[in-house]
Amino acid sequence: MDILTIENSLKSTFVKHRLIFWYDEKGEWREAFDAVSDIPATKLEVNNNEFGTKVRILRDDAQARYLLYFSSAKPTDSENWLLDLLRMGREFKPDNVTLLLNEAELANDFRGIVEEHIKFFKSKKRIAALKELLSKHDDEKSIRLKMLAVLAGSAAQLDDILLTLIASLDMDSLIDPAGHTFDDSNLTNYFWEQVGRDFGYKSNDPEVRDFVVMLFRRANPLDKEIKPNAHSRVFLQRWKDHVKYRAVFQKWSEILQGQLYIERSLNNHDGAIDLGDADTFELFEKYTLHQLCDQFDQGLTNTKLESVLQKRRESLWWDKYADGYAAIEKAVEMRHLLDAFPSSMNSVEEGIKLYIEAGWQIDRAYRQSIFHLSNYCEPQLMAQIKSWVEKAYLADFLIPLCDQWSMYVRNMINWDCQAVSPQRQFFQKYVQPFRNKGQKVVVIVSDALRYEAARELAETLHARKAWTADMDCLFASLPSYTQLGMASLLPINQLSLDPETKVVKTDGERTDGIENRAGILNRFCDGKATAIAAEKFLELRSVKEGRPLMRDNEVIFVYHNVIDNEGDDIKTEAKTFGAVDRAFRELEEIANKAVAINANNVLITADHGFLFQQDIVDRLDDILLPPAQKWQSINRRFAIGENITSAPGIKLFPAANLGLQGNWTAAFPCSIGRFPVKGSGKRYVHGGFSLQEVIIPVIKLHRERDGETREAEVILQSPPSMITSESFPVTLFQKEAVEGKVLPRTVSIGIFASDNTPLSDVRTTTFDSPETEARRREKRIVLTLAAAADMFNNSLVELRLQGYVPGASEPFILDRRDVKIQRLFTSDFNEF
């Protein structure tokens, strides 16, 4: 052995020890001792001068280091004058194993580990990595586990080592990563022994690939030939939840669902299978959706659906299939709303009240279901749902509602209603009061934002910390098209409509285009108002450009056009509901930008609404134009002409009866009828007098500086004080319904040791129930103890309820309870 090796070993030992004792009974290391020079210590030979040596060491600086050489055997404790110093220091034996023990800073008690795994310790890099993990409490088991971790390049937990090996497995290679990683250090057998202990995995020729197949089989509720294992469930849950390894799980799942014939097993099963929350294979998600579609035809209830959704929401595949579930959920909601919807009205006023209290919800459910059906892109699977939604919406709601409403509109002489203010009063009713109080206001006019969509938007904004949102409505000007609707929102006296061009003027001034409207606003507000396109408004840099705009104006109109731009084009009208969803995001962004430029008050309104059917509109809905002396303008939902003949299914309003100047008459098809117009779309239409077209939303937003929103409170309900089996239920309770300023809350629940080591699977779930009935806001979650929990039997551990801060990866503790793990010996014979 060369002197440099001995010196390096001594130097690494002196890092933690002041005194090193070197006993050399045969004198074979005398020359080596004499040759040692490059060490941070004083060399002393002890030969019948123990007392003097002891006095010198004790009198010397407490930081001084000594290498004590004895040309004799180590004495017994009873005869050792320097026993107290020896116990303070460390004995040095210059053989390979001892040198490696010293370099690894391991006690001589662990000599057997070095001897058994000598190749591991011949790597200085491995020893350095191991030293970083070692602690004074380590035993042989924990040291070997840390050696495995060093070799695998993972954390020193068996589960982490397994995840690392699984991720490194080459699907096309026959090389087993466990053998490849551990064979050289003689640790492979030990590794599989630990896996067998925790997972119950037994094989004459264990391999990582075979182990993974075993895990997936155990997580397959259809496979009755393999015994389940508690820690396997915990490990799989952790694997799926782990951001780094989730994709690896999905890849294995894709491969094994074919090799294990999962589809055939599902098809061959007698009757429907309740898969619960099993999400091992993506086919489980597809099967569940298939079952729900079948059950919808059989009258799937809200309660049954919610039960399934509660189990599936935490599925690994949820995001991919969320639109499918949402489409079914909204179809079930629509059916429930249709069953409860009153089918009659006795006046125009009752019709409006019926719509703003109940009818809009059916329009929203229809829109949301169609939107999610389009996003899910599985037309064959969802064909039954889509067919029902389309037919029920048209036959059970839209046509009956529009037919009845048309009966009362046909009896109207003037287009007005006592129950709702006309659209032309918008500025005086909603904008002028802010001016009177010296307050500033931003008005967002979103083209074709119909009432039902605005109600959803208002609910969304009301739930945000920055806003309170109140909802109101107006009675649209007729015809319900963009130029007249936009003009009706301005501060006006008289409106005139050119029947040829459909240009609208107020007191002789044109109202078409943002520039013309900005001029009208500016003059009315004494030079302190303007108008701007939404795109330009969003491009403003808040401080440098936006705040001067707010400072110099009392009123700012922001014109937004997403819905009408998409819907009013035959090429894109089928995407109308997607445009509504985009509009929501943009309108919220505009409102937030308004806050950023110091606007405390924001109004959101529209020029008109619209009628929409996703399916191709039947030609039977076309209504022929009645005879007229002259047709000046023809659109799908209105036409303007002179001397029009009255006809069935047509409502005529002279210009004066619509509150407009001119000598023309407007003809409107009743119910959902359309006039035949070449080259224009028929699914998305407006201009007529249906409730969907003429109930105009007004969202009144006010900035809340302090913010009133909060997440729903979730508590542990009757938590257990003792855990006696591998799996056990925990009940969580959402104390209040999610609505308005009460927002959903995501929590996780699990068992933890005091050092934060998870001792069970950690289950994450979201509480978002709007139910008023308390018992329907409970969730029962089954937790399973991990193998690590065995070390804590008959000990107190923590049951932790954890919450999450948006944007933060680590949870915080909402509640914790002491729980005693007291596993009975009989629990080893049963699986939960």
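If R0 is 60 Å, the Cβ-Cβ spacing of residue 439 and residue 290 corresponds to a FRET efficiency of close to 0.60.
Rounded to the nearest 0.05, what FRET efficiency is calculated for residue 724 and residue 138 with R0 set to 30 Å and r the Cβ-Cβ distance?
0.45
For residue 528, a cut-off of 25 angstrom between C-alpha atoms picks up these lysines, skipping any fewer than 8 places away in its own chain: 429, 437, 440, 505, 536, 544, 593, 700.
If I stretch the segment between residue 35 and residue 267 completely, what's the gain in nm (0.36 nm per residue apart, minus their alpha carbon distance), one decimal?
On the way: separation 232, 0.36 × 232 = 83.52 nm, distance 8.03 nm.
Full extension from residue 35 to residue 267 adds 75.5 nm.
Fraction of C-alpha pairs exceeding 16 angstrom in region 1-94: 52 percent, rounded to a whole number.
Each Cα pair under 8 Å and six or more residues apart adds its sequence gap; the mean of these over the residue count of region 538-645 is a relative contact order of 19 percent. Within a straight-line Cα-Cα reach of under 17 Å, residue 575 can be paired with the following aspartates and glutamates, leaving aside sequence neighbours fewer than 8 residues apart in one chain: 323, 363, 378, 390, 447, 564, 566, 586, 615.
Taking 22 Å as the cut-off for C-alpha to C-alpha distance, list the pairs among 571/630; 240/311; 244/779; 119/146; 141/244; 353/741 that go past it.
Working: 571/630 30 Å; 240/311 16 Å; 244/779 29 Å; 119/146 15 Å; 141/244 27 Å; 353/741 26 Å.
Among 571/630; 240/311; 244/779; 119/146; 141/244; 353/741, the Cα-Cα distance tops 22 Å for 571/630; 244/779; 141/244; 353/741.
The simple spin-label model puts a point 7 Å past each Cα toward its Cβ; for residue 459 and residue 592 those points are separated by 2.1 nm.
Taking the Cα centroid of region 518-596 and of region 61-84, what is the distance between the two, rounded to the nearest whole Å? The two parts, judged by their Cα centres, are 87 Å apart. Placing unit charges on the Cβ atoms of the charged side chains and taking the dipole of the chain about its Cα centre, the candidate lying farthest along the positive direction among 98, 684, 521 is 521.
Test of understanding: ordering 17, 117, 608, 702 by Cβ neighbours within 10 Å, fewest first, what list do you get?
On the way: 17 19, 117 22, 608 30, 702 12.
So the residues, fewest neighbours to most, are 702, 17, 117, 608.
Note: relative contact order over the chain, using C-alpha pairs below 8 Å and six or more positions apart, is 9 percent.
Rounded to a whole number, what is D in µm²/s for region 159-204 from Stokes-Einstein with the Kirkwood radius over alpha-carbon pairs (37 °C, 0.692 mPa s)?
Numbers: Rh = 11.3 Å.
The Stokes-Einstein estimate is 292 µm²/s.
Considering only 446, 344, 309, and ranking their Cα positions along the charge dipole of the chain that arises from unit charges at the beta-carbon of Lys, Arg, Asp and Glu, the one farthest toward the positive end is 446. Above 36 Å, the calculated P(r) of the chain contains 63 percent of its Cα-Cα pairs.
Sorting 686, 560 from the fewest to the most surrounding beta carbons within 10 angstrom yields 560, 686. Counting other Cβ atoms within 10 Å as a rough exposure proxy, the listed residues 309, 187, 497 run 309, 187, 497 from fewest neighbours to most.
For residue 572 and residue 522, compute 0.36 nm times the residue count separating them, minus their Cα-Cα distance, and round to one decimal in nm. Before the final figure, lay out each step's value.
Numbers: separation 50, 0.36 × 50 = 18.00 nm, distance 3.56 nm.
Contour length minus Cα-Cα distance gives 14.4 nm.
Dipole check for the chain: with +1 at the C-beta of Lys and Arg, -1 at the C-beta of Asp and Glu, and the Cα centre as origin, the magnitude is about 2020 Debye. Axis of helix 514-524 versus longest Cα principal axis of the chain: the two differ by about 70°, to the nearest ten degrees.
Quick one: putting +1 on the C-beta of Lys and Arg, -1 on the C-beta of Asp and Glu, what dipole do you get for region 135-288 around its Cα centre, in Debye to the nearest 20? Don't jump to the answer; show the numbers that get you there.
Numbers: 19 positive and 26 negative charges, 69 e Å.
Around 340 debye, computed over region 135-288.
Tell me which trypsin sites (Lys or Arg not before Pro) from region 1-83 have a DSSP coil assignment and no more than 10 other beta carbons within 10 Å of their own.
Values: sites: 11, 16, 18, 26, 30, 43, 54, 56, 59, 65; in loops: 16, 18, 26, 65.
Sites meeting the loop and neighbour criteria: 16, 26.
Hey, rough spin-label estimate for residue 403 and residue 339, points 7 angstrom out along Cα→Cβ, what's it come to in nanometres? Taking the simple label geometry, residue 403 and residue 339 are separated by 2.3 nm. Computed over the alpha-carbon pairs of region 271-411, the distance histogram in 10 Å steps reads 11, 38, 28, 15, 7, 2, 0 percent, short to long.
Stretch residue 661-residue 58 to full length: gain in nm at 0.36 nm per residue minus the Cα-Cα span?
Values: separation 603, 0.36 × 603 = 217.08 nm, distance 11.33 nm.
205.8 nm is the gain from fully extending residue 661 to residue 58.
With all pairs of different C-alpha atoms in the average, the Kirkwood value for the hydrodynamic radius of region 608-721 is 17.5 Å. Treating cross-link reach as a plain straight distance, find the lysines whose alpha-carbon is under 23 Å from the alpha-carbon of residue 54, omitting any fewer than eight places away in the same chain. Straight-line reach from residue 54, under 23 Å: 11, 16, 43, 74, 93.
In terms of its Cα atoms, region 655-785 spans 87, 39, 28 Å along the principal axes, sorted from long to short. Treating r as the C-beta distance of residue 97 and residue 51 and R0 as 41 Å, the FRET efficiency rounds to 0.80. Mean separation of Cα pairs under 8 Å and 6 or more residues apart, divided by the residue count, gives region 110-167 a relative contact order of 22 percent. Put a dot 7 Å past the Cα of residue 713, heading toward its Cβ, do the same for residue 736, and the two dots end up 0.8 nm apart.
Its residue count N sets the reference 2.2 N^0.38 Å, and the alpha-carbon radius of gyration of region 375-506 equals 1.38 times that reference.
Bear in mind these aren't lab numbers, they're just calculated from the coordinates by the rules spelled out. Source: prediction; values computed, not measured. Every residue, glycine among them, receives a Cβ derived from its backbone with ideal geometry; neighbour counts consider all protein chains shown.
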